[in-house]
Amino acid sequence: MDPNWQMLIEQKFTSFERYVGEETDTRCSVEFEKVAAQQSGDVHRVEVNLWLSGTMYRAEATADSFEKAIDEVRDQLDKELRRAHKKQNTLMRRGGRMLKRMLNRD
């Protein structure tokens, strides 16, 4: 991968650190493609697969530049990660409330 693209990806994806935390089982693969069938319009495609704690998050976008496609992919992944993080917190709170109710019954 071109070092400039790697720096751009690292810069754009630093916001995901809050979801990763102390997790060590993390991988990310990024694929760039220029669709050759067209000469103008949405010809730049970016696909990202992010594995976090054994769960795969995937996003794909096609735009008129790689930078715009990367931004779209980042937004899609952020939405997925935020939703999963919120769901995990909700389940933990629900479990905590249930445990508290069980302890208060005694």
**Asked** Quick one: would you say Arg101 is touching a His at 6+ places or on another chain (Cβ under 9 Å) and without any contact (Cβ under 8 Å) to a residue 24 or more places away in the chain?
**Response** no
**Some residue of segment 41-56 being under 20 Å from Trp5 (Cβ atoms) and free of Cβ contacts under 8 Å to residues at least 12 places away in the same chain** = no
**Message:** Can you tell me which residue is farthest from the chain's Cα centre (by Cα) among those in segment 72-82 that are surrounded by fewer than 19 Cβ atoms within 10 Å (Cβ to Cβ) and within 18 Å of Ser29 (Cβ to Cβ)?
**Reply:** Glu72
**Prompt:** Hey, among the residues in segment 57-71 that are surrounded by 16 or more Cβ atoms within 10 Å (Cβ to Cβ) and without any contact (Cβ under 8 Å) to a residue 40 or more places away in the chain, which one's nearest to the chain's Cα centre (by Cα)?
**Reply:** Tyr57
**Request:** Would you check which residues across segment 49-95 are within 16 Å of Glu23 (Cα to Cα) and in a strand (DSSP E or B) and list them?
**Result:** Leu50, Trp51, Leu52, Thr55, Met56, Tyr57
**Message:** Yes or no: segment 17-26 includes at least one residue that is modelled with pLDDT of 85 or more and charged (D, E, K, R).
**Reply:** no
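Restricting to segment 39-48, and then to whatever is assigned to a strand (DSSP E or B) and of a type in the set (D, E, K, R), can you tell me which residue is nearest to the chain's Cα centre (by Cα)?
Glu47
The values are calculated or read from the model by the stated rules, or taken from the named source; none is laboratory data. Since the model is a prediction, treat every value here as computed from it, not as a measurement. All Cβ positions, even for glycine, are placed from backbone atoms using ideal geometry, and neighbour counts span all protein chains on display.
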